[in-house]
Structure formats: C-alpha cells, structure tokens
Amino acid sequence: MSATDSASSAERSFDEFYAANVRGITVQIYAYFGNISDAQDVVQEAFCRAYPRWETLRGYDDPVAWVRRVAWNLATSKWRRMRTAMKFARKQREEHIPGPGPDHVALTDALRTLPDRQRRAVVLHYLADQSVAEIAEREGVAPGTVKSWLYRARNALAQQLTDTPRGEVNDA
C-alpha cells in the first residue's frame, strides 16, 4: 500500500468517523449552550483539532470520547468567556446622551458654509483653545492672516446665526 493510498484511507476513515459522530456531539453541546450556532462552532473546532491527530486517535478504544472531551472543554471555555462578558456588560452604566440641540445644528450648518481656512481657524481657536500664534504656525501663515480669517468668519457666522448686520461684530 502506497503512502497516498494510506493517506486516502485515513481521510475516508476520518470522514466516516465525522459523519457518524458530529450530530450526536452537536446535540450534547447544544443542550449545554442552548444556541445551535455556538454548539456547531465548538464541535467543528473539536473535529478540526482531531483531524491532524487522526492517525493516533483512530487507534484509541473510543476516539469519539476524545473529540467529545475537547468539545466540552471548548464549550466550557466559551461559556466562561460569555459569562465574564455579560457580567462586565451588566456593570456598565447606561449613558443617555442627548442629541444635538437646535443651536448646535445651526452652528454646524453655518460652519459648513465657511471657506476651509476660516472654518479651521474658528474651530482651532474657539473649540481647541489654540492661540492665534499657534494657528499661524500650524497653517504656515502670518498671525495677521489668522486674525483676518477669524474676523471674516465671525462676521459670516453672525450674519447667518443672528439678524445682526454685517460689520457690527466685536473683534474680541
């Protein structure tokens, strides 16, 4: 008998072993989990671990006992991980974050209408608390240019967000 005939025989032998036992082990693990897909995953993993060891396992008195034991060990490990995850999830507080208010929506919409440089300057200066000098260095421009962007942006935002006529915004 050649090596390929022996390998082919071993594969047929494993295929027959698998076909004869997969359903019974799956039913047992399903009863433990209560979830068929988890049971099938665990049983498949057990048979995957048995396949490379098949030459040794088929010499055992009861090779299905080995696969069943591996499946049960995998199921127990998975169940413990799920239990730990559930305990952690139960300890987490539910945070209710309110949606954006009308002012926030209006400001966001108004910011979208600004040119990129002005919008970036407003966000960096007022939201990220960066100084005019820091923004100028980041953008590679003179500080006076940043001041100009901020002035124009404030005027445009004021015009969109209030009824204030152009030019009446304080340059604070």
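Taking 0.36 nm per residue of sequence separation and removing the Cα-Cα distance, the A19/M82 pair yields an extension gain of 19.8 nm. Take the Cα radius of gyration of the range 9-61 and divide it by 2.2 N^0.38 Å, N being the number of residues; the result is 1.19. Between D109 and V27, the modelled label-to-label distance comes to 6.4 nm, taking each label 7 Å out from Cα in the direction of the beta carbon.
Using alpha carbons only, the radius of gyration of the range 1-154 set against its Kirkwood radius gives Rg/Rh = 1.48. Applying 0.36 nm per residue to the separation of R138 and T162 and subtracting their alpha-carbon distance, the gain on full extension is 5.6 nm. Of the GluC sites (Glu not before Pro) found in the range 63-172, those that fall in a DSSP loop while having at most 16 other beta-carbon atoms within 10 Å are E94, E95, E168.
Bear in mind that the values in this text are calculations on the coordinates, not laboratory data. Everything numeric here is computed off the predicted structure, so don't read it as measured data. Cβ: placed from backbone, ideal geometry, glycine included. Neighbour counts: every protein chain shown.
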